[in-house]
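Asks: Here's a structure for you.
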Amino acid sequence: MPTAEIRGTHLNTAQEFVEMQKKVATRQIQILPPKTISMEDAPEAHQLMWENRHEGTNYVVGHAIPCKGLKSRQDLLSAWAARDAKEIGITDKIMDTGSGNVLK
């Protein structure tokens, strides 16, 4: 039996949306996660989307993300603080920032 890959969808009614959500929940439709790219790769990614040859559901340009693996807003803020502290030479001090001593 042939298989198909859905690269996008146009839903016309709320009922179609509900049906699609049920299929996603029961894994009849699998959603690819977004792909993180660098700012330098953005033009190529845009071209791939234009030609409908892109990977993932969409692209996310990670221009302001200091590191991978962040799970929450607080993780992001703590990582930014650690990066900024390192840039101004604070590397061997522990600061009470409420961030679980991320800054060392």
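Asks: For region 29-43, give me each residue that is surrounded by 10 or more Cβ atoms within 10 Å (Cβ to Cβ) and more than 17 Å from the chain's Cα centre (by Cα).
Replies: Ile29
Asks: Of all residues being under 23 Å from the mean Cα position of the chain (by Cα) and among the β-branched types (Val, Ile, Thr) in region 1-25, which is modelled with the lowest pLDDT? Just the residue, please.
Replies: Step by step, filter region 1-25, then rank; the result is Ile6.
Asks: Additional query: Looking at region 68-81, which of its residues are under 25 Å from Pro34 (Cβ atoms) and surrounded by 10 or more Cβ atoms within 10 Å (Cβ to Cβ)?
Replies: Within region 68-81, Leu70, Gln74, Asp75, Leu76, Leu77, Ser78, Ala79, Trp80 meet the criteria.
To keep it simple, each residue is scored yes or no on (1) touching a residue at least 12 places away in the same chain (Cβ under 8 Å); (2) under 28 Å from Gln21 (Cβ atoms).
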| residue | (1), (2) |
| --- | --- |
| Glu51 | no, no |
| Thr57 | yes, yes |
| His63 | yes, no |
| Lys71 | no, yes |
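Asks: Yes or no: region 22-39 includes at least one residue that is assigned to a helix (DSSP H, G or I), more than 30 Å from Glu87 (Cβ to Cβ) and not charged (D, E, K, R).
Replies: Scanning region 22-39 turns up at least one residue that is assigned to a helix (DSSP H, G or I), more than 30 Å from Glu87 (Cβ to Cβ) and not charged (D, E, K, R).
Asks: Give region 66-96 a look and list any residue that's closer than 30 Å to Ile29 by Cα and not basic (Lys, Arg), or say none.
Replies: Scanning region 66-96 gives Gly69, Leu70, Ser72.
To keep it simple, each residue is scored yes or no on (1) outside any helix (DSSP H, G or I); (2) in contact with a Ser or Thr (Cβ under 6 Å, 6 or more places away or on another chain).
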site	(1), (2)
Gln47	no, no
Gly56	yes, no
Pro66	yes, no
Lys71	yes, no
Gln74	no, no
Ser78	no, yes
Ala82	no, no
Ala85	no, no
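The values are calculated or read from the model by the stated rules, or taken from the named source; none is laboratory data. Computed from a predicted structure; not experimentally measured. Glycine also receives a Cβ, built like all others from the backbone with ideal geometry; neighbour counts cover every protein chain displayed.
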